[in-house]
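Chemist: After the structure tokens below, expect a handful of questions from me.
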Amino acid sequence: MPNRATEAATTDKTPLQQEIDKRLTFAIISHPDAGKTTITEKLLLFGGAIHIAGAVKSKKNARQTVSDFMQMEKERGISISTSVMGFDYRDRTVNLLDTPGHADFSEDTYRTLTAVDSVLMVIDSVKGVEERTRKLCEICKMRKTPIITFLNKFDREGKEPIELLDEVEAELNIRACPMSWPVGQGASFKGVYSIYEKRLILFKPHDIQNVESSVAIENMDDPLLDEKLGSLADRLREELELVQGVYPEFSMEEYLAGTITPTFFGSALNNFGVRELLDAFVDIAPAPRAQESRERLVAPDEEKFSGLIFKIHANLDPNHRDRIAFMRICSGMFERNKLYHHVRTGKTFRAANPTAFMASERSIVDTAYPGDIIGLHDTGTLKIGDTISEGENIEYTGIPSFAPQIFRQVINLEPMRSKQLNKGLEQLTEEGVAQLFIKEYSADKLLGVVGMLQFEVIQHRLKEEYKASVRFEQADYGGAAWIEAEDSRAMEQFMRFHGNHVALDKDEERVFLYRNRWAVSRAMEENPKIRFYFTSDKK
Ligand code: GDP
């Protein structure tokens, strides 16, 4: 089995390259309830980042009611420190990036996915592949992000392993490569055979699995297998033979290219199969890769530092307008207090108190390396998608805004406070809570979101943080497309017919708001010289 980590240790590498090779920056993708929180906690336990179960707060409540969500927002000081969880495991420095559980905040998740080098996909074996998993997996495939899969809840009666793998392959369009195989399921769950480690691991509920509960079995004819599994031993032999015939063998190249997904079975709640998963993960998961910028591909081991702002949290303390911007280091070594270049504004940028997120605490860092995430205190100069560099004008790509599907017009209920309202709208949309569109002709302000809950959050935060009251009025649109034309006459013509439905986005780019799919198809047909794009990066 190829091992990324030892490979790296045996060759001569610069100190920077050695730091890069150690980094493992990933996120967990799953449908709500599949077990993301549970597995996060177990990973942190193994990584020594926390010492007791129950330390990772389930964000479950957020899914149920808005008020629970608001409550959670109030505790944002806490949830922020869990946005990035860093820990060392074996020879790697692991950065686990948290993603919001609620589907209404999926854009936040998409942005986080641009800052990771691989993902762990958790699937509930009772429910199989679910809708959010499908969507998030699609984004990973678009970005060719390597995916490792954990089929969870094998202590429950669920779908057969083969059925699950078939579902993964058919619905997610990726080949599954089993790295372990379950013995029994539900009440008869006996454990897993690790194809990766050639070891049988016996199931004991709620146990920290230790070496005693696993036995090395290299040869399937070993009578030890019968001793441990009784009548299930022969079934395992048959199934493993079948597995070898049907599924691809592990190939590092294909895993890194995102065409196969190494797959593990277990039960996160019972702490079962998680150590094996983590061990394989640190063996094979990729170190930071080259990142695409508008100008060129930027390799992590380039000497000059560069980083990408992928997330912003505003108003941690409502009494101060402070924000924290999350930056992923993309190349070179980041140094505290050094003078850098803020590409969008052309201004100098210096971080006096950059924060790292190791274990459960936050601390000031002096240096950081590609793959690391640091928090920067910001008074409003940084925006999502910004690049900080050592002087070069590079702009990282890959954080497009997706066209929202729900629109509301913003009605100001206190005209005397329109300044506060504008400030609030500007900052909340910079944070990525929603997208703001201003109609070109009427100057009406429209907010576009992917989930209704976002409107309630905005209304609440405008009131709490900016003392601005708004009401939202139904806007009869179901989608938006960024529009562009080389031929200015074609654009004039378009504006003559559709100008009432054209707005400017945050970058003053023109957006056509349309009622339904039929309306946009028709506009496209009638205006062949206008190009329509459904993400802001115009791809
Ligand atoms: P999330 O929404 O993906 O973060 O899911 P959670 O980690 O909060 O888990 C959802 C529910 O499934 C909780 O009640 C967990 O206790 C339960 N759960 C998680 N893993 C397992 C497992 O391996 N077996 C069983 N039976 N339940 C599990």
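Chemist: Within region 348-384, work out how many residues are under 19 Å from the mean Cα position of the chain (by Cα), assigned to a loop (DSSP other than H, G, I, E, B) and modelled with pLDDT of 90 or more.
Modeler: 3
Chemist: For Gln474, indicate whether it is within 28 Å of Phe532 (Cβ to Cβ) and within 26 Å of the chain's Cα centre (by Cα).
Modeler: The answer is no for Gln474.
Chemist: Right, something else. Select from region 477-505 the residues that are over 11 Å from Glu440 (Cα atoms), touching a strand residue (DSSP E or B) at 6+ places or on another chain (Cβ under 6 Å) and surrounded by fewer than 17 Cβ atoms within 10 Å (Cβ to Cβ) and list them in ascending order.
Modeler: Of everything in region 477-505, just one residue is over 11 Å from Glu440 (Cα atoms), touching a strand residue (DSSP E or B) at 6+ places or on another chain (Cβ under 6 Å) and surrounded by fewer than 17 Cβ atoms within 10 Å (Cβ to Cβ), namely Glu484.
Chemist: Pick from region 22-50 the residues that are assigned to a loop (DSSP other than H, G, I, E, B) and near the ligand (Cβ under 8 Å from one of its atoms): which of them is farthest from Phe265 (Cα to Cα)?
Modeler: Out of the qualifying residues, it is Pro32.
Chemist: Say we look at region 259-280 and pick out the residues that are farther than 9 Å from Ser180 by Cβ and of a type in the set (D, E, K, R); which of these is farthest from the ligand (Cβ to nearest atom)?
Modeler: Asp279
Chemist: If you don't mind, another one. Every residue in region 433-465 that is at pLDDT 90 or above and among the acidic types (Asp, Glu), please.
Modeler: If the condition is that a residue be at pLDDT 90 or above and among the acidic types (Asp, Glu), then Glu440, Asp444 are the ones that fit.
Chemist: Of these, Ala519, Ala523, which one is surrounded by 17 or more Cβ atoms within 10 Å (Cβ to Cβ), modelled with pLDDT of 90 or more and under 17 Å from Ile406 (Cα atoms)?
Modeler: Ala519
Chemist: Sticking with this one: Here is a check on your reading of the model: is Leu232 within 16 Å of the ligand (Cβ to nearest atom) and under 30 Å from Ala170 (Cα atoms)?
Modeler: no
Chemist: Here are Ala468, Ala503: which of them is at pLDDT below 95, among the small types (Gly, Ala, Ser), in the same structural domain as Met416 (by the TED database) and more than 16 Å from Gly432 (Cα to Cα)?
Modeler: When all the criteria are applied, what remains is Ala468.
Chemist: For residues that are within 12 Å of the ligand (Cβ to nearest atom) and acidic (Asp, Glu), scanning just region 115-137, find the one that is nearest to Asp33 (Cα to Cα).
Modeler: For region 115-137, the residue satisfying everything is Asp124.
Chemist: Can you list residue pairs whose Cβ atoms sit under 7 Å apart, with the first residue in region 108-136 being closer than 23 Å to Gly158 by Cα and the second being acidic (Asp, Glu)? Count only pairs 6 or more apart in sequence or on different chains.
Modeler: Partner pairs satisfying both residue conditions: Asp124/Asp33; Gly128/Glu167; Val129/Glu167; Val129/Glu171; Arg134/Glu171.
Chemist: Another one. Can you give me the ranges of the strands (runs of 3 or more DSSP E) entirely in region 121-210 with at least 2 residues that are more than 27 Å from Thr25 (Cβ to Cβ)?
Modeler: So the answer is 180-183, 191-194, 199-202.
The values are calculated or read from the model by the stated rules, or taken from the named source; none is laboratory data. All of these numbers come straight from a predicted model, not from anything done at the bench. Heads up, the Cβs are rebuilt from the backbone with ideal geometry, glycines too, and the neighbour counts pull from every protein chain shown.
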